Amino acid sequence: MEKFSLEIDHQRKTIIDFEINDWAERANISLLVKCFESTVLTTIVLGEKRETIDFLPLTVDYEEKYYAAGKIYGSRFLRREGKPSETAILNARLIDRGLRPAIKNFPYEVHITNIILSLDPDFDPDILAFWGSSIGFSFLGYPWLGPVIPVKISKLNNNYLFYPKESEKIFSDFNIFISGIENKINMIEFDGLEISEDEVVEVCDLGIKKINQLYFQVSDLLKEIKTPNQNIFFEDKKINYLKFGEDFLVQNNLDIESLLFNNQEGENIDKVFKILEDEKNNLENYHYVYQGILEKIKKVFQEKILKDKIRPDGRKLDEIRKVELLVNILPRVHGSALFKRGLTHILSAVTLGSLTDDLLIKEIEFEGNKRFIHHYNFPPFSIGEIGSLKSPSRRELGHGNLVEKALKNLIPNENIFPYTIRVVSEVLSSNGSTSMGSVCSTTMALLDAGVPIKNKCAGISIGIVYQDEENYELLTDIQGPEDFWGGMDFKVAGTDQGITAIQLDVKIDGLTIEIIKESLKKAKSARLFILDKIDQTIKEPRKELKQTVPRSAIININPNNIGLLIGPGGKTINEITNLTNSKIDIKQDGSVYLTSADEIGIKKTINLIKLVTNEIDINQILEGKVIKILDFGFILDLGFNKTALLHISEIPKNKIEGIKLNDFLRVKVKQISDNGRIYVSLINERG
C-alpha cells in the first residue's frame with residue numbers, strides 16, 4: 001500500500017489524496033482517490049491482446065452508488081441501483097474522450113471502472129474519477145502521452161475559479177472542463193451565457209498553464225512510485241503495414257485518391273473494403289493488408305488536402321455545404337423544423353406541456369426538476385444500415401445533452417413562458433456533425449412553437465488535417481470521411497453574441513492555443529452564416545401558439561391563502577381541476593401556474609381560484625346558479641360555499657321574468673362589502 005497527495009489548487013487548498021491498495025486485489029490497478037468528503041475507487045483490468053483490431057479497445061465506466069450520498073433510491077419494489085444515470089454516462093464519456101487521444105497503438109482490452117463510494121455534495125467526484133483513471137493507467141507502465149491532466153474552470157463575479165464547488169457552478173457565467181498534456185488541450189466540454197471567442201481563448205490559455213504545472217508535478221511524482229504492473233508490456237516488432245496495403249491496391253487496380261476525392265459528398269472507399277473482404281480467404285496476412293489500406297487512405301487524405309487545399313467533395317477548406325431549412329412541417333406538432341446541410345438532415349419536434357410535466361431527476365449528484373428537455377435519436381437507417389431500434393446509446397445521450405447545453409441558457413424562465421418544453425431531434429440522414437445540425441433544427445422548431453427564446457442559436461463543427469504544429473489545415477463543416485480520417489471534431493454552438501456550448505474531441509495529441517483560437521474564429525464565421533439562413537426562414541417566435549398547444553397562465557395569490565386553494569386533503573384544488581379540466585401548480589411564494597386545453601378553461605380556472613381564495617376582483621366575470629328568488633333579486637350559488645346577490649336593478653327589465661330557479665347566469669362583480677358579501681350585475685348577452 002502506498003499513499004501520496006497532489007495539491008491541484010493552492011489558493012483554495014484543494015488537495016487530492018491517492019492510495020494504491022489491495023481492495024480490488026484481482027484487478028491490475030486498485031486506486032483510492034479522495035478530496036474533501038468525496039471518495040472514488042478506480043480499478044483497471046487489462047484484458048487480452050487483440051492485434052486484429054483498428055481501434056483502442058478501451059471501456060470506461062462511472063458507477064454511482066446511492067449509499068455514497070446516504071440515499072435510498074430506485075423503484076419502491078426494487079430499492080437498488082439500476083442502469084447508469086445520464087450523468088454517470090456523460091462522465092464516463094468525458095474520461096474516455098480525455099484519455100483516448102493519449103494512448104497510441106495499444107492493442108490490449110482495458111476496462112477502467114470508477115465507483116463513487118462517498119459523495120461530498122459540494123465537490124463533484126467526476127474530477128476524482130478522471131484523476132484516478134489517468135494516474136491509474138500510468139501505473140500500468142505502458143508508454144503513453146499521459147498523465148492526462150483534467151482541469152475545471154468557472155467564471156463567477158468576474159473571477160476565474162479552478163475546480164469550483166457545485167454551489168459556485170450553478171451561478172457561474174460559464175463552466176469548462178478541459179484535459180490535456182504538455183502545452184496541449186485534447187478535450188473540452190463547455191457551456192455558458194453567450195461567451196465571446198476571446199474569453200474562451202483566454203480561459204483555455206489559463207487551462208493550458210494549469211495543465212503544464214500539474215503535468216510536470218505529476219510526472220515527477222510518478223517516477224518515485226513503483227507498482228507491480230510496471231514494465232509488463234513487450235515492444236512489438238515493427239511491421240510495414242503500408243507496403244502490404246499498397247501492394248494489394250496495385251494488384252486490384254484501385255486508386256485511393258480518385259475514390260476518396262470524387263467531388264461528391266460521401267465517399268466510394270467502401271468499394272476497396274468489399275474487394276478486400278472477397279479476397280480475405282486468399283490472403284495470408286489479411287490483417288496486415290487491412291491495416292495497410294487504412295494507413296494509405298489516411299496518408300492520401302492528409303497529403304492531398306495539405307498540398308492542394310481541396311476537400312474530398314470538392315469544397316474549399318472553409319466552405320459550408322448547401323443549407324436548406326423548413327419550418328411548420330408537421331400539422332399537429334406544437335413546433336417543427338427540418339434542417340438540411342448536405343447529406344445531414346435533422347428533424348426536430350417541440351412539445352409544450354404544463355410545468356407539472358417536467359422531468360424529475362433523482363441522482364446522487366443532483367435531485368430536482370428540469371423543464372427544458374432535449375432528446376436525440378440516431379436510427380441505423382440514417383447511415384443506410386440495417387439494425388434494430390434500441391434504447392439510446394451513450395453517443396445519443398451525449399449528443400442530446402450537448403444540444404441541451406447549447407440552448408438551455410436561451411430558454412425563457414417559467415415566469416415568462418410557463419411551459420415544460422421537450423424537443424426531440426431525429427437524425428434522418430447522417431454525414432457529419434448531426435449534433436450541431438440538431439442545434440439549428442431545435443432553434444427553428446422552438447421559434448415555430450412560439451417559444452420566446454432569448455436569441456437564435458446555431459452550431460458547426462471544425463475539423464483538422466494535421467501533420468505538425470506548423471503544417472495543418474482547418475476544415476469548416478466536416479462531413480463523414482473528414483471526421484473519420486481527420487484529426488479532430490471541434491463542435492461550437494452559439495448565437496450572434498457568443499458561444500453557448502463547445503465539445504472538442506481529438507485523435508491527434510491535442511491542440512495548441514493558436515489552433516484553438518483559429519478554430520473558434522472559423523466556427524464563428526460559419527455560425528453567423530447559418531444564423532443568417534435561419535433568420536431568413538423564421539425571423540421571430542410565432543406570435544400565436546398553435547391550436548393544439550395547451551394554454552397557460554400565471555396568477556399570484558396571497559401565500560396565506562394557499563391552504564384555501566388546496567382545501568382539506570386536496571379536495572378544493574381537485575374539484576377545480578375536475579370542473580375545468582386544467583392543471584394547477586402552486587409555488588410557495590403564492591405563484592399559481594395554470595394549464596388548460598383552451599383559453600376558456602384558463603379563464604374559468606382563474607375565476608374559481610380567486611373565488612376560493614377570497615381574492616375576487618371588481619368587474620371579474622363569474623358564473624352562478626340561481627338558488628333563491630327574492631322580491632328584490634336573486635341569490636346565486638358561485639360554488640365553493642360562495643353566494644352573490646343579483647339585484648333587480650342590475651338586470652334589464654325584459655330579462656327579469658325569464659330567470660328561473662337552477663338557471664346558470666354569467667355575471668360581473670360590482671361590489672364586495674367589508675363582510676365579504678358579493679354583489680353582481682347580469683351580463684347582457686345577445687341571443
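The values are calculated or read from the model by the stated rules, or taken from the named source; none is laboratory data. What you see is a predicted model; the values in this text were computed from it and never measured. Please note: Cβ atoms are built from the backbone with ideal geometry, for glycine as well, and neighbour counts cover all protein chains shown. What goes into the accessible areas is simple: the full protein's heavy atoms, side chains included, and nothing from ligands, DNA or RNA. Shrake-Rupley method; radii C 1.70, N 1.55, O 1.52, S 1.80 Å.
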**OP:** Give the residues of segment 445-463 whose amide nitrogen is closer than 15 Å to a point set 7 Å from the Cα of Asp318 in the direction of its Cβ.
**Re:** 462-463
Original post:
For helix 286-308, what angle does its Cα long axis make with the longest principal axis of the chain, in degrees from 0 to 90 and rounded to 10?
Top reply: 70
**OP:** Would you mind checking which residues have amide H under 5 Å from Glu319's amide H? H placed 1.01 Å from N; only 5 or more apart, or other chain.
**Re:** Thr476
Original post:
What nm distance separates the two modelled labels at Lys543 and Glu657, each placed 7 Å from Cα along Cα→Cβ?
Top reply: 4.9
Original post:
Quick one: length gained pulling Lys299 to Gln497 fully straight, 0.36 nm per residue minus the C-alpha distance?
Top reply: 67.4 nm
**OP:** Please sort by residue number the trypsin sites (Lys or Arg not before Pro) in segment 87-172 whose DSSP state is loop and whose Cβ has at most 15 other Cβ atoms within 10 Å.
**Re:** Lys104
**OP:** For Lys603, tell me the accessible area in Å² from a 1.4 Å probe, rounded to the nearest 10.
**Re:** 130
**OP:** Could you state the angle between the C-alpha long axis of helix 86-99 and the longest principal axis of the C-alpha atoms of the chain, as a value from 0 to 90 degrees rounded to the nearest 10?
**Re:** 20
Original post:
To the nearest 0.05, what FRET efficiency results for Lys309 and Gln251 with a Förster distance of 30 Å applied to their C-beta separation?
Top reply: 0.40
Subject >> Alpha carbon centroid spacing (whole Å) that separates segment 241-268 from segment 282-298 >> reply: 12
Subject >> Cα convex hull of segment 570-687 - mean projected area over all directions, nm² >> reply: 8.4
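DSSP beta bridges in the chain, what fraction antiparallel, as a percent rounded to 5? Provide the component values of the computation, followed by the final result.
On the way: 130 of 146 bridges.
Close to 90 percent.
What FRET efficiency comes out for Trp23 versus Asn556 if R0 is 51 angstrom and r is the Cβ-Cβ distance? Round to the nearest 0.05. Please list the in-between numbers first.
Values: r = 56 Å, r/R0 = 1.09.
For Trp23 and Asn556, the calculated efficiency is 0.35.
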**OP:** Count neighbours as other Cβ atoms within 10 Å of each site's Cβ, and list the chymotrypsin sites (Phe, Trp or Tyr not before Pro) in segment 545-648 that are DSSP loop with at most 12 such neighbours.
**Re:** Phe632
**OP:** In nm, give the distance between the simple-model label positions of Lys507 and Asn263, each being 7 Å from the Cα along the Cα-to-Cβ direction.
**Re:** 2.6
Original post:
Between Lys209 and Glu2, how many nm apart are label points set 7 Å from Cα along the C-beta direction?
Top reply: 3.3
Subject >> segment 85-157 versus segment 629-673: alpha-carbon centroid distance in Å >> reply: 73
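Can you give the relative contact order of the chain as a percent, counting alpha carbon pairs under 8 Å and 6+ residues apart? Don't skip to the answer; put the middle values down first.
On the way: 1405 pairs, mean separation 67.8, N = 687.
Once divided by the residue count of the chain, the mean separation gives 10 percent.
Over 32 Å between Cα atoms: which of Lys83/Lys165; Lys546/Lys587; Lys71/Lys587; Lys571/Lys668; Lys226/Lys362; Lys210/Lys362 fall into that group?
Values: Lys83/Lys165 27 Å; Lys546/Lys587 27 Å; Lys71/Lys587 26 Å; Lys571/Lys668 27 Å; Lys226/Lys362 41 Å; Lys210/Lys362 34 Å.
In this structure, Lys226/Lys362; Lys210/Lys362 exceed 32 Å between Cα atoms.
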Original post:
Which angle from 0 to 90°, rounded to the nearest 10, does the C-alpha axis of helix 394-408 make with the longest principal axis of the chain?
Top reply: 50
Subject >> Which listed pairs, of Lys155/Lys491; Lys298/Lys524; Lys405/Lys524, have C-alpha distances above 25 Å, in listed order >> reply: Lys298/Lys524
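Please give me, ordered by residue number, the GluC sites (Glu not before Pro) of segment 378-428 that lie in loop per DSSP and have at most 12 other Cβ atoms within 10 Å.
Numbers: sites: Glu385, Glu396, Glu404, Glu414, Glu426; in loops: Glu385, Glu414.
Listed in order of number, the matching sites are Glu385.
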**OP:** Compute the separation of the alpha-carbon centres of segment 451-504 and segment 541-572 and state it in Å as a whole number.
**Re:** 43
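Given the Cα atoms of the chain, and with Rh set as the inverse mean 1/r over their pairs in the Kirkwood sense, what is Rg to Rh to two decimals? Present the calculation step by step, with values, prior to reporting the outcome.
Values: Rg = 31.6 Å, Rh = 29.1 Å.
Rg divided by Rh gives 1.09.
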Original post:
What would the Debye formula give as log10 I(q)/I(0) at q = 0.18, 0.28, 0.30 Å⁻¹ for the alpha-carbon point model of segment 44-92, no solvent?
Top reply: -0.72, -1.11, -1.17
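Rg/Rh for segment 145-250 to two decimals, with Rh computed the Kirkwood way over all alpha-carbon pairs.
Numbers: Rg = 20.3 Å, Rh = 16.9 Å.
We get a ratio of 1.20 for segment 145-250.
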**OP:** Would you mind calculating the gained length between His647 and Ile600 on full extension (0.36 nm times residue separation, minus the Cα-Cα distance), in nm to one decimal?
**Re:** 14.2 nm
**OP:** Let me know the whole percent of all Cα-Cα pairs from segment 91-221 that are separated by more than 20 Å.
**Re:** 46
Original post:
So if we plug the beta-carbon distance of Arg394 and Asn369 into 1/(1 + (r/R0)^6) with R0 = 30 Å, what FRET efficiency do we get, rounded to 0.05?
Top reply: 0.80
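Rounded to a whole number, what is D in µm²/s for segment 494-644 from Stokes-Einstein with the Kirkwood radius over alpha-carbon pairs (25 °C, 0.890 mPa s)?
Numbers: Rh = 20.4 Å.
Diffusion coefficient, whole number: 120 µm²/s.
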**OP:** Multiply the residue separation of Gln588 and Asp173 by 0.36 nm, subtract the distance between their alpha-carbon atoms, and state the gained length in nm to one decimal.
**Re:** 146.6 nm
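How many percent of the alpha carbon pairs in segment 1-129 exceed a separation of 20 Å?
On the way: 4327 of 8256 pairs.
Cα-Cα pairs in segment 1-129 separated by more than 20 Å: 52 percent.
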Subject >> q = 0.14, 0.15 Å⁻¹, segment 210-359: log10 I(q)/I(0) [Debye, one scatterer per Cα] >> reply: -0.89, -0.90
**OP:** Using packing as a proxy for protection, rank 554-561, 514-521 so that the peptide with the highest average count of other Cβ atoms within 10 Å comes first.
**Re:** 514-521, 554-561
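Measure off, as a whole percent, the carbon and sulfur share of the 1.4 Å-probe accessible area of segment 333-465, all protein chains present.
Numbers: 2420 of 4480 Å².
Within segment 333-465, the accessible surface is 54 percent carbon and sulfur.
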